1. Given only helices, namely DSSP H runs of n ≥ 4 each adding -39500 (n - 2.57), what is the per-residue ellipticity at 222 nm of the chain, to the nearest 500 deg cm²/dmol?
2. Residues in the stretch 96-140, backbone N under 19 Å from the label point at Ser251 (7 Å along the Cα-to-beta-carbon vector): list them, ranges by number please.
3. Under 17 Å from the Cα of Lys223, which aspartates and glutamates turn up, not counting those fewer than eight places away in the same chain?
4. Between Tyr73 and Arg281, what FRET efficiency follows from the Cβ-Cβ distance if R0 is 25 Å, with the result rounded to 0.05?
5. State the percentage of accessible surface on the stretch 38-80 attributable to carbon and sulfur atoms; use a 1.4 Å probe and exclude ligands, DNA and RNA.
6. Going by a ≥ b ≥ c, the root eigenvalues of the Cα gyration tensor, does the stretch 137-283 fall in the rounded group (a/c under 1.5), the prolate group (a/b larger than b/c) or the oblate group?
7. If I take R0 = 51 Å and measure r between the Cβ atoms of Asp239 and Asp45 in this structure, what FRET efficiency does the formula 1/(1 + (r/R0)^6) give, to the nearest 0.05?
8. Report the gain in length on full extension from Asp63 to Met195: 0.36 nm times residue separation, minus Cα-Cα distance, nm rounded to one decimal.
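The values are calculated or read from the model by the stated rules, or taken from the named source; none is laboratory data. Note that this is a predicted model, so its numbers are computed, not measured. A quick note on method: Cβ atoms are made from the backbone with ideal geometry, for glycine too, and the neighbour counts reach across all protein chains shown. Protein only, heavy atoms only, side chains kept; ligands, DNA and RNA dropped before computing areas. Shrake-Rupley method; radii C 1.70, N 1.55, O 1.52, S 1.80 Å.
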Amino acid sequence: MTIVACLGVGRIGGEVAYVSALRKFADELVLFDISEPLQHAQKLDIIHGMDIPVSTNTADLKDADYCIFSAGYSRSPGIKTRADLFDKNLPIAKESAELLKGFTGKLIVVTNPMDVFTWYFAKQSGLEESQVVGFGGLLDSRRFTVALQSMGIEAEGQVLGEHGEHQVPLFSSLDIDTPIPVREEILTGLRGSSMPVIKGKAGTVFGPAYHIVSMMERIEKGKKIICSLPANGAYGIEDCSIGLPAVVTRSGAKIDESLKLDPWEQEKLLDAADFLQGLCRRV
């Protein structure tokens, strides 16, 4: 039996709860939101659709196998980058850490800036580092795949680095030579790929929710994913969490250091690390 908890049940948290139940990954749900009317509405909406136990008691958080941290302010057209949400969402991360005392499951960090809050929960929240993993790499990689398809390239995209402006699409693993100007053009497009969704419907929902549930399913099977973790020296990076390939299980994660990055990718990854280190020093 698998219990999935969601801290913050707005657009993404609520959809993750629903999709994890719909795909029969979750056998029970625990929902919490600072807005009790929203929390109650999401519970009713789910149980009106399917027969699944749904708790709104915060004491049940400690028994969850997975907890999705999606509470806080989300990006809007007026917020230029995910990193700009740091000051608004840091107090919410700290309040959520209090709610997670006694939690022994896997925490999946979604709230932006995701990499920074992954670092916070892994290093300073009282949770074990092995419990914490950040979401973003699967979604960014899918967006890269879609961009490649639009160019007539059928390949599975991979994106490392920050879940934000400093993401690092991997071109060296493709079967075609991609000149630097073309890489930069694609990267610019990836940086803004969520904005048409945000402008059209006030936030991304379906893509993140699908990939968050997929992430949990892959963790159950011990499959390699791109996710945010404290690098702890991998790829020459210290003092931050950053998107890297890793085999993740409920009990921990092992970063895959076998990727051979070309000079452009290596430079971009170190730039991402430098940017994230600056933010991580502030938590």
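1. Working: 9 runs with 115 residues, N = 283.
Result for the chain: -13000 deg cm²/dmol, rounded to the nearest 500.
2. Within reach of a label on Ser251, which here means backbone N under 19 Å from a point 7 Å along Cα→Cβ, the stretch 96-140 contributes 104-107, 128-133.
3. Glu156, Asp256, Glu257
4. Details: r = 22 Å, r/R0 = 0.87.
Computed FRET efficiency for Tyr73 and Arg281 comes out at 0.70.
5. Numbers: 1160 of 2320 Å².
Whole-percent figure for carbon plus sulfur exposure: 50.
6. Rounded shape, in that the Cα axes give a/c under 1.5.
7. Details: r = 42 Å, r/R0 = 0.82.
With R0 = 51 Å, the Cβ-Cβ based efficiency is 0.75.
8. 43.9 nm
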